[in-house]
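The values are calculated or read from the model by the stated rules, or taken from the named source; none is laboratory data. Fair warning: this is a prediction, and the values are worked out from it, not measured in the lab. All Cβ positions, glycine included, derive from the backbone under ideal geometry; neighbour counts span all protein chains shown.
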Amino acid sequence: MFAYPKKIVLVLLFIVLGHSLIAQEVIRQESCDTSPFRSEIDSLKTVFSSKGYIVLREASMTMQSEYEMPIVVPMNEGSLYQFVFIGDPTSRLYEVRMYDYNEKQVVYKKNMWGDVDGNIISYAYIPQFSEYHMIKPVQVNKNKKKLCGYVLLLKKVTK
(Lines give C-alpha, C1' and ligand atoms only; values in the text may rest on other atoms or scores of the structure.)
Protein backbone atom coordinates (compact mmCIF):
# COMPACT_ATOMS: atom_id res chain seq x y z
CA MET A 1 0.00 0.00 0.00
CA PHE A 2 2.80 2.46 0.89
CA ALA A 3 5.46 1.00 -1.44
CA TYR A 4 4.21 2.89 -4.48
CA PRO A 5 4.47 6.44 -2.99
CA LYS A 6 7.95 5.63 -1.61
CA LYS A 7 9.13 4.70 -5.09
CA ILE A 8 7.81 7.97 -6.50
CA VAL A 9 9.54 9.95 -3.78
CA LEU A 10 12.81 8.12 -4.41
CA VAL A 11 12.62 8.66 -8.16
CA LEU A 12 11.86 12.36 -7.69
CA LEU A 13 14.72 12.65 -5.20
CA PHE A 14 17.18 11.07 -7.68
CA ILE A 15 15.97 13.38 -10.46
CA VAL A 16 16.39 16.49 -8.33
CA LEU A 17 19.79 15.47 -6.94
CA GLY A 18 21.05 14.30 -10.32
CA HIS A 19 20.04 17.58 -11.93
CA SER A 20 21.80 19.65 -9.27
CA LEU A 21 24.98 17.57 -9.59
CA ILE A 22 25.03 18.02 -13.35
CA ALA A 23 24.41 21.78 -13.02
CA GLN A 24 27.48 22.33 -10.83
CA GLU A 25 30.68 23.24 -12.62
CA VAL A 26 33.99 22.05 -11.27
CA ILE A 27 36.76 24.62 -10.99
CA ARG A 28 39.87 23.26 -12.67
CA GLN A 29 43.16 24.87 -13.42
CA GLU A 30 43.64 24.64 -17.17
CA SER A 31 46.81 25.90 -18.80
CA CYS A 32 46.72 28.70 -21.34
CA ASP A 33 48.97 30.51 -23.81
CA THR A 34 51.61 32.50 -21.88
CA SER A 35 53.38 33.87 -24.95
CA PRO A 36 52.13 37.46 -24.30
CA PHE A 37 54.09 37.52 -21.03
CA ARG A 38 56.85 34.98 -21.66
CA SER A 39 59.55 37.68 -21.49
CA GLU A 40 58.20 38.90 -18.11
CA ILE A 41 58.23 35.33 -16.77
CA ASP A 42 61.78 34.66 -17.94
CA SER A 43 63.15 37.95 -16.59
CA LEU A 44 61.44 37.47 -13.21
CA LYS A 45 62.90 33.95 -12.92
CA THR A 46 66.36 35.32 -13.75
CA VAL A 47 66.09 38.14 -11.20
CA PHE A 48 64.87 35.91 -8.38
CA SER A 49 67.37 33.18 -9.23
CA SER A 50 70.20 35.71 -8.92
CA LYS A 51 68.86 36.59 -5.45
CA GLY A 52 69.02 32.97 -4.26
CA TYR A 53 65.46 31.80 -4.97
CA ILE A 54 64.40 28.51 -6.53
CA VAL A 55 61.12 27.90 -8.34
CA LEU A 56 58.87 25.57 -6.33
CA ARG A 57 55.75 25.80 -8.45
CA GLU A 58 54.75 27.56 -11.62
CA ALA A 59 51.66 27.28 -13.75
CA SER A 60 49.65 29.05 -16.36
CA MET A 61 45.93 28.94 -15.79
CA THR A 62 42.79 29.85 -17.63
CA MET A 63 40.78 32.23 -15.47
CA GLN A 64 37.34 33.75 -15.76
CA SER A 65 37.03 37.50 -15.31
CA GLU A 66 35.91 38.46 -11.77
CA TYR A 67 36.34 34.91 -10.39
CA GLU A 68 39.07 33.88 -7.96
CA MET A 69 41.25 30.90 -8.85
CA PRO A 70 42.16 29.08 -5.61
CA ILE A 71 45.68 27.66 -5.34
CA VAL A 72 46.69 25.56 -2.32
CA VAL A 73 50.39 25.33 -1.45
CA PRO A 74 52.31 23.89 1.49
CA MET A 75 54.68 26.33 3.20
CA ASN A 76 57.30 25.78 5.91
CA GLU A 77 57.61 27.90 9.03
CA GLY A 78 60.38 30.50 8.85
CA SER A 79 61.17 30.04 5.15
CA LEU A 80 61.12 33.07 2.87
CA TYR A 81 58.76 32.68 -0.09
CA GLN A 82 58.10 34.95 -3.05
CA PHE A 83 54.78 34.72 -4.85
CA VAL A 84 54.25 36.24 -8.30
CA PHE A 85 50.99 36.56 -10.20
CA ILE A 86 50.96 37.83 -13.79
CA GLY A 87 47.57 38.70 -15.25
CA ASP A 88 46.34 39.48 -18.72
CA PRO A 89 47.81 42.87 -19.75
CA THR A 90 44.37 44.13 -20.86
CA SER A 91 42.63 43.55 -17.51
CA ARG A 92 41.81 46.62 -15.44
CA LEU A 93 42.07 45.12 -11.94
CA TYR A 94 44.34 42.48 -10.38
CA GLU A 95 44.06 41.19 -6.81
CA VAL A 96 45.71 38.47 -4.79
CA ARG A 97 44.58 37.33 -1.37
CA MET A 98 46.38 34.71 0.69
CA TYR A 99 44.91 32.80 3.61
CA ASP A 100 46.58 30.59 6.21
CA TYR A 101 45.29 27.17 7.27
CA ASN A 102 42.80 28.78 9.68
CA GLU A 103 41.34 30.83 6.78
CA LYS A 104 42.78 34.06 8.19
CA GLN A 105 43.76 36.50 5.43
CA VAL A 106 47.51 37.11 5.72
CA VAL A 107 48.19 38.99 2.45
CA TYR A 108 46.13 41.31 0.25
CA LYS A 109 47.56 43.03 -2.84
CA LYS A 110 45.72 45.02 -5.50
CA ASN A 111 46.91 46.58 -8.75
CA MET A 112 44.97 48.66 -11.22
CA TRP A 113 45.64 48.77 -14.97
CA GLY A 114 47.63 52.05 -14.94
CA ASP A 115 49.79 51.21 -11.90
CA VAL A 116 53.58 51.03 -12.16
CA ASP A 117 53.52 47.26 -11.53
CA GLY A 118 50.62 46.89 -13.93
CA ASN A 119 49.65 43.28 -14.45
CA ILE A 120 52.24 41.82 -12.02
CA ILE A 121 51.61 41.31 -8.32
CA SER A 122 54.60 40.09 -6.32
CA TYR A 123 55.13 39.78 -2.58
CA ALA A 124 57.41 38.08 -0.07
CA TYR A 125 55.99 36.03 2.78
CA ILE A 126 57.41 34.16 5.79
CA PRO A 127 54.88 31.72 7.32
CA GLN A 128 54.63 31.52 11.10
CA PHE A 129 53.66 27.84 10.95
CA SER A 130 54.31 24.93 8.58
CA GLU A 131 50.90 24.52 7.00
CA TYR A 132 48.93 24.80 3.79
CA HIS A 133 48.06 28.26 2.52
CA MET A 134 45.43 29.20 -0.03
CA ILE A 135 46.24 31.88 -2.59
CA LYS A 136 43.38 33.40 -4.59
CA PRO A 137 44.31 35.57 -7.57
CA VAL A 138 41.56 37.35 -9.50
CA GLN A 139 41.50 39.74 -12.45
CA VAL A 140 38.74 41.84 -13.93
CA ASN A 141 38.44 42.48 -17.65
CA LYS A 142 35.34 44.01 -19.20
CA ASN A 143 36.15 42.89 -22.76
CA LYS A 144 37.19 39.27 -22.17
CA LYS A 145 35.51 36.55 -20.14
CA LYS A 146 38.34 33.97 -20.37
CA LEU A 147 41.75 35.23 -19.31
CA CYS A 148 45.22 33.81 -18.93
CA GLY A 149 47.07 34.08 -15.64
CA TYR A 150 50.47 32.86 -14.53
CA VAL A 151 51.72 32.10 -11.02
CA LEU A 152 55.19 31.50 -9.63
CA LEU A 153 56.00 30.33 -6.11
CA LEU A 154 59.68 30.70 -5.25
CA LYS A 155 61.62 29.88 -2.09
CA LYS A 156 64.81 31.48 -0.83
CA VAL A 157 67.53 28.87 -0.35
CA THR A 158 70.31 29.32 2.16
CA LYS A 159 73.73 28.06 1.27
Exercise. Before we move on, is residue 110 without any contact (Cβ under 8 Å) to a residue 24 or more places away in the chain and either in a strand (DSSP E or B) or more than 18 Å from residue 154 (Cα to Cα) (or both)?
Worked result: yes
For this session: Scan (1) modelled with pLDDT of 95 or more; (2) surrounded by fewer than 17 Cβ atoms within 10 Å (Cβ to Cβ); (3) among the acidic types (Asp, Glu); (4) part of a strand (DSSP E or B) for the single condition residue 95 breaks and write down its number.
Result: (2)
Seminar exercise, completed: Subset of the stretch 30-84, residues in a strand (DSSP E or B) and polar (S, T, N, Q), comes to 60, 62, 64, 82
Problem set entry | Complete set of residues in the stretch 113-127 that are over 16 Å from the mean Cα position of the chain (by Cα) and in a loop (DSSP other than H, G, I, E, B) | 113, 114, 115, 116, 117, 118, 126, 127
For this session: Answer yes or no: is there a residue in the stretch 131-153 that is of a type outside the set (Lys, Arg), modelled with pLDDT of 95 or more, exposed (fewer than 14 other Cβ atoms within 10 Å of the Cβ) and touching a strand residue (DSSP E or B) at 6+ places or on another chain (Cβ under 8 Å).
Result: yes
Problem set entry | One residue from 108, 125, 150 being of a type outside the set (Val, Ile, Thr), farther than 24 Å from residue 35 by Cβ and in contact with a Phe, Trp or Tyr (Cβ under 8 Å, 6 or more places away or on another chain) | 125
For this session: Look at residue 102 and say whether it is modelled with pLDDT of 95 or more and more than 14 Å from the chain's Cα centre (by Cα).
Result: no
